[in-house]
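K.L.:
One structure, as structure tokens, below. Some questions next.
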Amino acid sequence: MKKYTFLFCCLALMMSACQDDDNGPNLLSHDGANVTGPLLQAATWQAAARFTGAETAEFSGLRLTQVEFFMGLAPAEADIFIYGPGVNNQPGDLLYQASVGNSITQTAWNTHRIVSPIELTGQEIWIAVNLVHQFDQQSIGCDAGPAASDGDWLFSSLDNQWRTYRERTGESINWNIRGIVEE
């Protein structure tokens, strides 16, 4: 009898652990755990993750409420930029911008709450962290890769172009940039 009670308890525990948490936030993410951050030159950079309409469609009617990002050494300036649908591998209209440079915790995950949450409509969205480097440094975090489609976009003021980090360096990573989606 004890054996059946134990098996029943194990089965009940497994079933409850597999249930969805409908009250918790959803995540827009291409990355894995933070491993490092690339050494970027003195310039202005935007590290971005692009989420296609197919990826955001499951969250239609919900709102992007927070951005999480891993920061190594704090840059001279940092901002969160959120863009709408773009063309030709460039983001579209700027939907949101906030300065976060004064609130960064170094070598840690940082969370920024969006003042006016952005409703998701099943269209493409870009979540970017703008970084101003006064000298070569490691700031934005990344995982160990391999690069997911759209997880490593990088704008540089040195050439004024959006290209993937892999195109720029040959390295395969994803930025530690995530969007929190809630009702």
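The values are calculated or read from the model by the stated rules, or taken from the named source; none is laboratory data. Keep in mind that what you see is a predicted model, and the values were worked out from it rather than measured. No Cβ is skipped: glycine too gets one built from the backbone with ideal geometry, and neighbour counts run over all protein chains shown.
K.L.:
Take residue 87 and tell me if it is surrounded by fewer than 16 Cβ atoms within 10 Å (Cβ to Cβ) and among the β-branched types (Val, Ile, Thr). First the steps, then the outcome.
P.N.:
Details: surrounded by fewer than 16 Cβ atoms within 10 Å (Cβ to Cβ): yes; among the β-branched types (Val, Ile, Thr): yes.
The answer is yes for residue 87.
K.L.:
When you check residue 31 against the structure, is it modelled with pLDDT of 95 or more, of a type in the set (Asp, Glu) and either buried (at least 20 other Cβ atoms within 10 Å of the Cβ) or in a loop (DSSP other than H, G, I, E, B) (or both), yes or no?
P.N.:
On the way: modelled with pLDDT of 95 or more: yes; of a type in the set (Asp, Glu): yes; either buried (at least 20 other Cβ atoms within 10 Å of the Cβ) or in a loop (DSSP other than H, G, I, E, B) (or both): yes.
So residue 31 fits the description; yes.
K.L.:
Here's something else I'd like to know. Quick one: how many residues across segment 139-165 are buried (at least 17 other Cβ atoms within 10 Å of the Cβ) and closer than 23 Å to residue 33 by Cβ? Show your work before the answer.
P.N.:
Step one: list which residues in segment 139-165 are buried (at least 17 other Cβ atoms within 10 Å of the Cβ), which gives 139-143, 145, 147, 150-155, 162, 164-165.
Checking which are closer than 23 Å to residue 33 by Cβ leaves us with 139-143, 145, 147, 150-154, 164-165.
Total meeting the criteria: 14.
K.L.:
Counting only residues that are acidic (Asp, Glu) and either in contact with a strand residue (DSSP E or B) (Cβ under 6 Å, 6 or more places away or on another chain) or in a loop (DSSP other than H, G, I, E, B) (or both), which one in segment 162-183 is modelled with the lowest pLDDT? Break it down into steps so the answer makes sense when it comes.
P.N.:
Just the residues of segment 162-183 that are acidic (Asp, Glu), to begin with: 167, 171, 182-183.
Now narrow it down to the ones that are either in contact with a strand residue (DSSP E or B) (Cβ under 6 Å, 6 or more places away or on another chain) or in a loop (DSSP other than H, G, I, E, B) (or both): 171, 182-183.
Details: 171: 97, 182: 96, 183: 92.
Top of the filtered list is 183.
K.L.:
Restricting to segment 34-75, and then to whatever is within 13 Å of the chain's Cα centre (by Cα) and either of a type in the set (Ser, Thr, Tyr) or surrounded by fewer than 21 Cβ atoms within 10 Å (Cβ to Cβ) (or both), can you tell me which residue is nearest to residue 89 (Cα to Cα)?
P.N.:
Filtering segment 34-75 for residues within 13 Å of the chain's Cα centre (by Cα) gives 34, 46-51, 64-71.
Subsequent filtering for residues that are either of a type in the set (Ser, Thr, Tyr) or surrounded by fewer than 21 Cβ atoms within 10 Å (Cβ to Cβ) (or both) retains 34, 46, 65-66, 68.
Numbers: 34: 25, 46: 14, 65: 25, 66: 24, 68: 23 Å.
So, considering only residues that are within 13 Å of the chain's Cα centre (by Cα) and either of a type in the set (Ser, Thr, Tyr) or surrounded by fewer than 21 Cβ atoms within 10 Å (Cβ to Cβ) (or both), the one nearest to residue 89 (Cα to Cα) is 46.
K.L.:
Same structure again: Taking residue 168, is it among the basic types (Lys, Arg), more than 20 Å from residue 27 (Cβ to Cβ) and surrounded by fewer than 20 Cβ atoms within 10 Å (Cβ to Cβ)? Step through it out loud before you land on a result.
P.N.:
Values: among the basic types (Lys, Arg): yes; more than 20 Å from residue 27 (Cβ to Cβ): yes; surrounded by fewer than 20 Cβ atoms within 10 Å (Cβ to Cβ): yes.
Taking the combined requirement at face value, the residue satisfies it.
K.L.:
Which members of segment 119-137 meet the condition of being of a type in the set (Val, Ile, Thr) and within 16 Å of residue 49 (Cα to Cα)?
P.N.:
Passing the criteria: 125, 127, 129.
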